[in-house]
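Some notes on the structure that comes next.
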Amino acid sequence: MAPIRPATSAPVTANRSRHRAWRVVLIASLSAVLSAAVWAYVRVDDVVEAAPPPLLTDATDASGATDAASGLSPAAPVQAIPGLSSTVPSPASPSPSFIPMAPPEGPTLSRIRQTGVVVMGYRPASLPFSYLDAQLKPVGYTVELCDRVIAALKVRLKLPDLEVRRVAVGSATRLPMVTNGTLDLECGITTNTAERARTQAFSVTIFVAETKLMTRGGERVQSLSDLRGRAVASTIGTTSIQHLARINDQQQLGIRIVAGLDDPDAFQLLRSGRAQAFLMDDVILRSLLAQQGAALSADDYVISERALTVEPYAIGLNRDDPAFKALVDDVITGLYRSGEIATIHRRWFESPLPPSGINLKMPMSAAFRRVVAQPTDTPDPEHYR
């Protein structure tokens with residue numbers, strides 16, 4: 001007998017076809033839902049990145065309402081996307097992508113962090129701004145300001161053992177050593193000028209001096225035109241000698257310019273009679289005279305009353321590092337705001353100086369008091385008049 005085969009049933013075949021069809025529909029549906037979710041996520045992320053929640057101010061509350069008096073408009077709400085639950089972060093709970101990043105350190109701070117060394121330039125004999133004490137340690141008004149900056153660096157970089165490398169500079173070497181990156185801080189007696197600012201940066205103004213003429217033997221002069229055809233000394237690499245050369249050329253005065261390697265050397269040219277006048281910043285002239293002590297009488301030298309130029313002093317910095325300049329300026333303006341700059345000024349200009357005991361008796365000038373009240377880093381001399 002032939003084996004009995006099960007009969008083929010049309011309903012069973014139809015059921016199987018319907019099951020396969022439902023599986024295809026289900027897979028297609030799931031695929032469509034997944035695609036929609038991915039698209040919605042991308043679109044919401046795009047909306048959030050394009051319009052982050054505004055910072056709350058006194059004029060705007062957490063709901064986005066606006067104070068009519070402020071004139072501010074509420075931020076446009078993010079439109080909901082159909083089929084997607086709320087995935088947009090609220091302003092009160094920003095996503096990690098909205099956490100503000102710390103500002104970049106810049107090349108100077110990065111180098112100091114990596115090497116553990118900050119390099120400070122100082123002047124060996126520019127009393128009271130920068131000079132060596134009895135232990136041959138750099139001290140002075142500008143040095144103290146730079147020491148305050150270095151203290152802030154130690155805190156900012158979390159380097160309590162930060163090494164401070166002090167390098168002696170002169171009038172002719174200070175600017176190139178800032179420009180080529182040898183120095184991080186130039187802490188001497190450098191005038192901020194527009195020409196110098198092309199190759200380096202400067203801190204906010206830390207002192208305002210005036211250029212004057214000093215003569216010997218009781219001779220009184222008030223301008224370079226009074227010295228026509230005579231020898232006038234100044235210091236190489238300074239704004240004073242540049243001004244002397246420019247006026248001499250413009251007015252055809254026939255002055256013979258003799259240059260000293262530093263301020264004491266230029267003063268010696270006047271003392272020896274090789275020059276009939278010495279053109280330099282008033283504070284430096286008074287400092288040089290005070291250092292002579294009893295060797296000079298009050299009538300041996302005369303400083304002119306008339307100022308030829310205005311000299312805003314500042315700390316020299318790297319030109320291409322605004323982050324480092326901001327740190328330096330913050331430290332100095334902090335001293336201005338707190339009033340501590342008055343104490344520092346009295347220590348170096350109105351008190352006996354170590355180790356000699358010289359007292360310059362120079363109160364804070366009206367020009368510098370204005371700077372303290374409204375800090376500036378402008379090189380424009382007219383701003384300080």
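The values are calculated or read from the model by the stated rules, or taken from the named source; none is laboratory data. These numbers come from a predicted model, not from an experiment. Methodologically, a virtual Cβ is constructed for each residue, glycine included, from the backbone with ideal geometry; neighbour enumeration extends over all protein chains shown. Keep in mind that these areas ignore ligands, DNA and RNA; they rest on the heavy atoms of the full protein, side chains included. Shrake-Rupley method; radii C 1.70, N 1.55, O 1.52, S 1.80 Å.
Expressed as a whole percent, the accessible surface of the stretch 237-344 that belongs to carbon and sulfur atoms is 46, based on a 1.4 Å probe.
Is the stretch 239-385 rounded, prolate or oblate when judged by the Cα gyration tensor, a ≥ b ≥ c being the square roots of its eigenvalues, rounded requiring a/c under 1.5 and prolate requiring a/b larger than b/c? Note, shape of the stretch 239-385 comes out oblate.
Bridgeable lysines around Lys325 (alpha carbons under 30 Å apart, same-chain partners fewer than 8 residues away excluded): Lys137, Lys154, Lys158. Counting only protein heavy atoms and a 1.4 Å probe, the stretch 250-366 has 46 square angstrom of accessible area per residue.
What shape does the stretch 110-181 have by the C-alpha gyration tensor, where a ≥ b ≥ c are the square roots of the eigenvalues, rounded means a/c under 1.5, and otherwise prolate means a/b greater than b/c and oblate the rest?
Because a/c hits 1.5 or more and a/b fails to exceed b/c, the stretch 110-181 counts as oblate.
A simple rule links phi to the HN-Hα coupling: the Karplus curve 6.51 cos²θ - 1.76 cosθ + 1.60 with θ = phi - 60°, which for the stretch 321-328 gives 9, x, 5, 5, 4, 4, 5, 4 Hz, with x for Gly and Pro. The value of relative contact order for the stretch 285-385, using C-alpha pairs under 8 Å at least six residues apart, is 33 percent. Applying both filters, DSSP loop and at most 14 other Cβ atoms within 10 Å, to the GluC sites (Glu not before Pro) of the stretch 175-242 gives Glu195, Glu219.
Packing here is the average count of other Cβ atoms within 10 Å per residue, and on that basis the peptides 129-141, 151-163, 279-291, highest first, run 279-291, 129-141, 151-163.
Sequence-distant contacts, meaning Cα pairs under 8 Å at least 6 residues apart, place the relative contact order of the stretch 214-370 at 24 percent.
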